[in-house]
Amino acid sequence: MTDPLLPADELIDGHTLDELSDYLAAGRTPADPAIDDSPECRAALTALERLGRATRDLLDEEAAAAPADDDWVGRILTGIRLDVQSGRRIPIVHPDPAADLALTEGAVRALVRSVGDGIDGVLVGRCRLDGDVETPGAPIAVHLEISVRYGASMANAADEVRAAVIGELGRHAELTIASVDVVVTDVRESRAGRDGR
Amino acid sequence: MSDLWDAADDTLAGRAADGDTVAFEVLVRRHGPLMRAYAARMLGSTYESDDVVQETFVTAWRRLGELQEGAAVRSWLMRILSRRCIDRIRARHEHDDVTELDAPTPDREEPSRVAEARTATEALGRALDRLPPLQKRCWVLREVGQYSYDDIARELDVPVSTVRGQLARGRRKLLDEMEEWR
Amino acid sequence: MSETRAADDASVEGSTAALASSILAVPGVDTLYPAASPLGQVATAIGSALTTGAVQQEDVLVAGERIRIRIGVDGMEPAAEVCRRVYDVASAWAASSGRAGAVIDVTAATIGA
């Protein structure tokens with residue numbers, strides 16, 4: 001059922017602007033020669049494309065003109081800080097039954113992140129502890145994703161991260177680490193080479 | 001760690017999902033400005049846009065675990081934001097817009113006083129501001145939010161045919177005004 | 001048991017502050033977080049009441065027979081070791097404030113962060 005108030009759309013070589021807009025949104029596939037071969041239709045498509053792009057440019061320009069100010073950002077961060085996820089409880093053994101000691105999974109993940117970040121050129125992404133961390137002695141597999149700076153050796157970076165993580169986890173937590181698996185998921189260019197993504 | 005500012009959305013979203021508030025801050029600074037510009041257009045003013053974007057980020061922080069594809073965090077944020085904008089609009093009882101398809105929007109400036117828009121984007125900005133609210137929202141949801149017709153219809157709770165109609169009118173007006181500017 | 005504690009409430013309140021300071025003095029501890037849950041829900045104390053009027057976020061939550069402590073460690077000392085030291089300090093405090101049997105729950109929520 002069409003909107004009864006819709007004005008009769010003029011036809012551009014037999015096509016409505018609506019049809020052309022849909023065609024554009026579909027990436028001009030499947031190709032329709034009736035549209036593609038028509039100069040008027042192509043002109044209309046160009047105008048539509050330009051309009052879409054101009055809309056996005058408009059908002060990008062407005063965004064660039066008004067970067068986030070510190071107060072506003074601060075309010076958001078204050079709002080989320082109380083929600084910090086701690087994850088599971090990683091117990092610390094103690095002979096005294098009155099002692100209930102633990103590290104949080106969140107603390108361990110943050111530790112892994114800071115250890116990995118400490119390796120030159122490396123930025124840690126996601127970090128996962130697989131296995132039953134809540135049971136002392138259960139084998140735990142640590143999975144890490146890292147981003148490496150362009151030009152650095154990925155294999156070396158991964159090895160250094162792995163060694164550092166094993167070391168730090170051994171020092172602070174009482175986990176039985178069965179494996180530390182490091183995957184490079186991203187390569188970062190220097191800031192000069194990046195277009196503000 | 002200054003490197004975090006260069007990090008891809010994917011890396012940042014992963015860290016933030018794991019509890020890293022600094023990574024989240026980078027996301028806020030990176031995407032916040034566009035979100036505010038978008039919210040301002042959806043809501044018709046900047047008055048509430050800051051609040052809505054703040055709420056969006058707080059919600060996003062809690063729901064980061066749901067994000068499958070870290071690289072898609074921007075569009076994910078825009079979705080949450082769009083939903084919040086629409087909820088606000090509903091709360092103002094503005095869904096009456098649906099029946100007032102051509103509600104005249106008061107011109108912000110006297111036509112005779114208006115200086116020529118210097119750039120195409122400025123001209124577009126004014127043309128967009130002059131669209132009736134529903135046409136403007138459909139347009140922004142489609143072109144910036146990248147919503148499908150069905151999704152727009154669902155979000156705004158109107159028939160798809162209405163969305164089509166509104167987009168057709170909005171598009172026509174914008175094209176005409178841009179032509180005129182040139 | 002709670003009746004006999006009533007008279008001690010004021011001194012218990014004062015001494016949880018003392019416990020908090022001694023925890024912060026433990027080598028390796030850099031923060032004492034509010035012991036309430038992250039979402040700000042404060043468990044009301046069972047037995048001896050520590051709150052006076054308005055509920056506040058306690059630095060150390062003493063609820064009945066359980067003492068809840070949430071710390072941040074500085075990362076220099078092994079976290080597990082620091083937790084044990086805090087336990088020792090809290091255990092001594094518990095014994096001296098008439099809570100010898102209390103369970104002492106020490107959680108390290110940040111390491112070096």
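What follows draws every value from the coordinates through simple rules; no lab data is involved. The shown structure was predicted, so the numbers you read here are calculated from the model rather than taken from an experiment. In this analysis, Cβ positions are derived from the backbone assuming ideal geometry, glycine residues included, and neighbour counts consider all displayed protein chains.
In percent, what relative contact order does chain B have, based on Cα pairs under 8 Å that are 6 or more apart in sequence? Spell out each step's value before the answer.
Details: 166 pairs, mean separation 36.6, N = 182.
Relative contact order of chain B: 20 percent.
Taking R0 as 25 Å, what FRET efficiency do you get between residue A:43 and residue A:65 from their Cβ-Cβ distance, rounded to the nearest 0.05?
0.20
Expressed as a rounded percentage, what relative contact order does chain A have, with Cα pairs under 8 Å and six or more residues apart? List each step's numbers first, then the result.
On the way: 222 pairs, mean separation 27.5, N = 197.
This gives 14 percent for chain A.
How large is the dipole of chain B about the Cα centre if only Lys and Arg carry +1 and Asp and Glu carry -1, each at its Cβ, rounded to the nearest 20 debye? Working shown, then result.
Numbers: 29 positive and 34 negative charges, 50 e Å.
Here the size comes out at about 240 debye.
Just report the Cα centroid separation between segment A:16-41 and segment A:104-152, whole Å.
50 Å
Work through the residues other than residue B:120 whose Cβ is under 13 Å from its Cβ and net out their charges, Lys, Arg +1 and Asp, Glu -1.
Numbers: positive: A:50, A:53, A:56, B:118, B:126, B:182; negative: A:57, A:61, B:116, B:122, B:177, B:179, B:180.
Around residue B:120, the surrounding residues sum to -1.
May I ask you to list, by number, the DSSP H helices of chain A whose Cα span along the axis is at least 30 Å and whose average Kyte-Doolittle hydropathy reaches -1.0 or more?
A:39-65
If only Cα atoms are counted, what is the Rg of segment B:119-167, and what is its Dmax, in Å?
Calculated on Cα positions, Rg and Dmax stand at 11.3, 36 Å.
Find the Cα radius of gyration of segment A:126-174, compare it with 2.2 N^0.38 Å by division, and give the number to two decimals. Before the final figure, lay out the partial values.
Numbers: Rg = 12.9 Å, N = 49, 2.2 N^0.38 = 9.7 Å.
Expressed relative to 2.2 N^0.38 Å, the Cα Rg reads 1.34.
Rounded to the nearest 10 degrees, what's the angle between the helix B:73-91 long axis and the longest principal axis of chain B, both from Cα atoms, 0 to 90?
Around 50 degrees separate the two axes.
Inside 10 Å of the C-beta atoms of B:56-62, what's the mean count of C-beta atoms belonging to other chains?
Working: counts 1, 6, 7, 1, 2, 8, 3.
Mean inter-chain Cβ contacts per residue within 10 Å come to 4.
Short version: ³J(HN,Hα) in whole Hz for each residue of segment B:164-179, in order, from phi by Karplus 6.51 cos²θ - 1.76 cosθ + 1.60 (θ = phi - 60°), x for Gly and Pro, what are they?
Result, rounded to whole Hz: 4, x, 5, 5, 4, 5, x, 4, 4, 4, 5, 4, 4, 5, 5, 4.
Relative contact order, percent, of segment B:1-92 when contacts are C-alpha pairs under 8 Å separated by at least 6 residues?
Working: 80 pairs, mean separation 30.5, N = 92.
It comes to 33 percent, rounded to a whole number.
Relative to the longest principal Cα axis of chain B, at what angle does helix B:49-63 sit, 0 to 90 degrees, rounded to 10?
40 degrees
Residue by residue through A:143-153, how many Cβ atoms from other chains fall within 10 Å of the Cβ on average?
2
So what's chain A giving for Cα Rg divided by 2.2 N^0.38 Å, two decimals?
Details: Rg = 27.7 Å, N = 197, 2.2 N^0.38 = 16.4 Å.
Dividing the Cα radius of gyration by 2.2 N^0.38 Å gives 1.69.
Using the 2.2 N^0.38 Å rule of thumb for compact globular proteins, work out how chain B stacks up: its C-alpha Rg over that value, please.
1.14
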